[in-house]
1. Within segment A:673-701, which residues are more than 7 Å from chain B (Cβ to nearest Cβ), part of a loop (DSSP other than H, G, I, E, B) and touching a helix residue (DSSP H, G or I) at 6+ places or on another chain (Cβ under 8 Å)?
2. Here is a list of conditions, (1) over 26 Å from the mean Cα position of the chain (by Cα); (2) at positive phi, and residue A:1021 meets all of them except one; can you say which number that is?
3. Name, by its number, the condition in (1) closer than 27 Å to residue B:35 by Cβ; (2) away from every other protein chain (no Cβ under 11 Å); (3) touching a residue at least 60 places away in the same chain (Cβ under 8 Å); (4) assigned to a helix (DSSP H, G or I) that does not hold for residue B:108.
4. Only helices (runs of 4 or more DSSP H) wholly contained in segment B:162-269 count here; list those with 3 or more residues that are within 14 Å of chain A (Cβ to nearest Cβ) and over 20 Å from residue B:150 (Cα atoms).
5. Checking residue B:393 against (1) more than 14 Å from every other protein chain (Cβ to nearest Cβ); (2) in contact (Cβ under 8 Å) with a residue 12 or more places away in the chain; (3) part of a helix (DSSP H, G or I); (4) in contact with a helix residue (DSSP H, G or I) (Cβ under 9 Å, 6 or more places away or on another chain), which single condition isn't satisfied?
6. Which one of the conditions (1) within 12 Å of another protein chain (Cβ to nearest Cβ); (2) without any contact (Cβ under 8 Å) to a residue 24 or more places away in the chain does residue B:141 fail to meet, given that it meets all the rest?
7. Can you tell me which residue within segment A:839-863, out of those that are crowded, with 20+ Cβ neighbours inside 10 Å and more than 35 Å from the chain's Cα centre (by Cα), is nearest to the other protein chains (Cβ to nearest Cβ)?
């Protein structure tokens, strides 16, 4: 009863919200006068080019009525002739064609016409759409006059949409944008950072597609680092070939107009639209091979057994060797524990990608369309992880009249991803690295005959069968499938009310449905029959809907040639709803029955829902005098349902000025300077907390929901009265220079960003409060300072041969200026194996790390002597030498790791911890270029990062030799016998050693690297040859991604992600697999 | 034409005026604070949350009362942090130093105490009696939690206001143990006068605060404070109630099925209502703990084996603790599978009250009277009656031994030992220390003995995490060096 009421309420609210947006739309429609049909008259004519007299083919001729509404239209034939029926003999006809000046003629009763078009550079499309679409979708400022900090990367145009080329890759192209991939492991995390970490928590830039902000759930495993057009296409769930351009807004003055969602930067993505002219049909086929390069070499079964025997013996002495590692042919599992299994090899396969893309576009005077269909399959590089995606897009523009234009964008994507089960936080690949290589994949009986089953013991030497599962069995038998359906639908109405006044309404609907099914059959994992992991099944369904409306009013009065003035008023609404339910069960009757609802033991059923709403208003004023002095002022107000009534609204101003000094007369003397602009901007943006209801103390039942027979309801979180907007203020000073007609361009920027009232997620409070944390706490200040430089040159620009080169470099310094009250700047002050003590300090960048100094290995027991500062041994009361100890509880022995006793007190403890390094790169950026020669072209793109340190956590995990996990081949060179003293040897193997693997500089390395990120070759078939085949164009391209990395770093990948959720973050490399290499062959045909 | 944009602007303004309401969203699942506190049922449901939070701490209460004492020993699956405690390797990062469970109970009680008078004004069906009853229960639970905290950590933050919002100051310094004890005695004496005397069912009557429970807690606090006369006055009130010892033949029914005439305050569990305890797992299935050699010796010191309490407390074949898994004191039949984790955690029962009185009387020198009370417990256990020892210390030992046997594995032993060690200005601290170090490997004993001569070492350190979060707190000086 209550539930249905809620649903009704919700639907009601959604409808009402949408209705508010639509009201405006409808009112505008009603303003249109409906025309009555009249008698028709046929007009014939021809169009020729004025200078040459050649007929103009494919030009459009359109009739407008007195309301500037298009009534009819036609296209000229191969001889330049046309024929059109007009309703009014005195009407005006407009003739236009790409590459020609548009011409308007009054008929004055004539029935034949001969028109002469002048060729010109003006793009007719821009005339008709009044230059809206290529400008900023919110403020309508032309790219040339932008005074904030933003960079646009144009994708190749549709005719040459061959393979993925270097130009298309974003990484390393844009200064100040640091996109980092963490590793080649599928499923490893990474992220995108625009100008440093400005906030805590999941700072992710807003992604806007065709003016619509996308409510995208970015999975933790999204690989922003390798993100190029392909991946961003995947991210926003559209075909990458549909992307026309990607633009990055960097300073607050630019992103401020997007409101709170854009506080961490904005990525504007534009897709292709239909162009007037003949219908074009393009096809592209792409075949790609992804190869996982060889991973860190791991121990073989025999080497592993030897290592484990040593670990066991050193720790416990020579007794009770577990039978799994004792050579005992009578042991019933002898054959199962004496294999040499390459677990990683067993779950790895080459990945094949097949990508088919078809697009059709074209249109006439009234209607233009762009439609595309993309189908992709990817077999994945891990066993049984195929992926397929089908996506479609329709972009439709309809000119109702010269004054009124209507656009519809529709896209639908269906993706299906199969995956493998993860158990206790370990996926198939991470398990393959630690799984004992002496265990066999398949089971043998005690005589060595295969039984045909996977070898899944309930307990093995390493541990229980769930914590140490058989990765091949899980990959082969379990399933973890996710199906997603995404629909994005947006309507745009553009109405030129008066020459100086335009209104635009945008309404968009997004719908995302996700269904995840997972099943773990009992024969995939070693458990007993009572265990919950037996035939475990789960199903999760979620639906996200989002409705946004945006009303814009553009006031652009014509104030003469010297003054350009425009004002934009905007009002936005945004509402989202999420519903999800999940069902977990286990012990279904058979491993063939994997529906969780089928007669299994239901372990839990949960569901939830949430609503979020936001409103935004913007006043934007832009003024330009003589094309020299440019100013912009924006004032944005944001209201969000995530805040309480008293703190709901945030007001965020921004302002910028620009001076195009190259227009000044006194700069005319500088030869070669074609454009020069100096920009200064200041802006504020606000950021809101993550979940919609965090500010409330939600009262709910617990599990169990009763005490005796009395119901229980308790507060689940602390009510937040003080929750408010986090504000980011940013200054930006920029200089744009362009020489020799844009043959050499230069952009330099300096910026400073300060984040105030930082939102701390899950801020820990004393447990004596009865709670563990506050969902959010505002407090502290964070500063990001930096500079960026971008240089681009086209040294050779001949028709047959052209070269372009670009280079960018950035630096960002990230510092805490203030912590919240009661903030504890040291955590994990206990030390132990694998731990680095963590500190955060005022005035220090995030990412500094501390630890012990590692000095090698103690060669023998006698050598372990604590010394005074002068090097003499410390003696005890009896005059005996005192051995160095760890925390006073363990005396080091021969073969143990040797750490520097900095204070010479004979004890290795927290007092011996020193600063080891900083994970923030001093400099990062990219460079690249392209060469075009006749029909061949070649592009390359490098990226680099330098001046930072990494903790090689992989080495820490695979060279520690103190647990039962498999280790890397590096441990073969370890201390084994008393007195052994060799260069670069590792400490001894010792099961559960208290101090052999402490956080020390043993694992700290410089991460500097240069990577050849993209290399592509393209051949475009000769036009004449293609024409003979009856085609328009034909391309073949070969693209190689992440081909080469130059670094001294010994780990797999020096590119490490930054974790902005944690002020104590420092860079650790957890990648066990180097970045995969991609080889893509593609061909495209245009009809 | 010109009017039209003005018209649409006007509409926009209209929409803006209703923004504030449109942006006010509340969670669809669960209530928010200002919607929740409306009726007496709401107060009661949160009070029940406090009981349930206490019920979730059964394993912890067992650990706090037993692991540093001598009645249990480690087994194959004893958690590492418990092994560290047993070995005397107590550091502030030990899990047992996490006091958050008690403070959750306290905070729920504080919520109840804060809103109770407000709801009384709002809800016309809420009677004065009902309101007072709820208040008494919250005061009792809060006092009980603080009594545990003071005995485990000594000085702790004393929160008496709920954490209603992020405006509440949660950075409280520690309050002296004596001040906390004085304050909760005042609260309990108030609660005693207004507590309800009948909740309508046996489970509720024993599983929720009642007059006997409050008197028992007061008596316990007085005993801890060595205020013997006052202690006896509270116990006399209990003696005048209907509570009585169960007969010898039914001694095991105290634990299974529980809720006997002897019960005073029991944390109720009922597996069929999805309210299962953790005690069954830790004592039976998981091999976390077994009865110690000391416990076995105690229970077979006088005869080969105590018939009633012996096999009712542990299973001789494998020394499994039997009070939370058996169905009778034959040490053979395990509880039926549907009721395995239904056993109550007994906080107070009448047998302990009688032993408390014996202790108080003996400390006052009333040996003859004291031995009578002790012998009532022995008689029920079908053991030979004792004659009164002639000195204070011998009597103290006799009572300690009897408590160990009667209340074995009921989370009492460590606090009993601590009380003895603190008594008469730490006169017998050597005995306490010798018991603590029993578990410790012999090569570490000497060091630990000298360390533990500082009585602050008998309390647990404040956990690392708590010190990191709350700068107003200071570490117990005994652990400050770590």
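The values are calculated or read from the model by the stated rules, or taken from the named source; none is laboratory data. None of these values were measured; they are calculated from a predicted model. A quick note on method: Cβ atoms are made from the backbone with ideal geometry, for glycine too, and the neighbour counts reach across all protein chains shown.
1. Within segment A:673-701, just A:688 meets the criteria.
2. Result: residue A:1021 fails condition (2) only.
3. Of everything listed in (1) closer than 27 Å to residue B:35 by Cβ; (2) away from every other protein chain (no Cβ under 11 Å); (3) touching a residue at least 60 places away in the same chain (Cβ under 8 Å); (4) assigned to a helix (DSSP H, G or I), residue B:108 misses just condition (2).
4. In segment B:162-269, the matching helices (runs of 4 or more DSSP H) lie at B:202-207.
5. The failed condition is (4).
6. Among (1) within 12 Å of another protein chain (Cβ to nearest Cβ); (2) without any contact (Cβ under 8 Å) to a residue 24 or more places away in the chain, the lone unmet condition for residue B:141 is (2).
7. Among them, the one singled out is A:852.
Residue-by-condition table, conditions (1) modelled with pLDDT of 85 or more; (2) under 30 Å from residue A:625 (Cα atoms); (3) surrounded by 15 or more Cβ atoms within 10 Å (Cβ to Cβ):
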| residue | (1), (2), (3) |
| --- | --- |
| A:533 | no, no, yes |
| A:547 | yes, no, yes |
| A:558 | no, yes, no |
| A:582 | yes, no, yes |
| A:587 | no, no, yes |
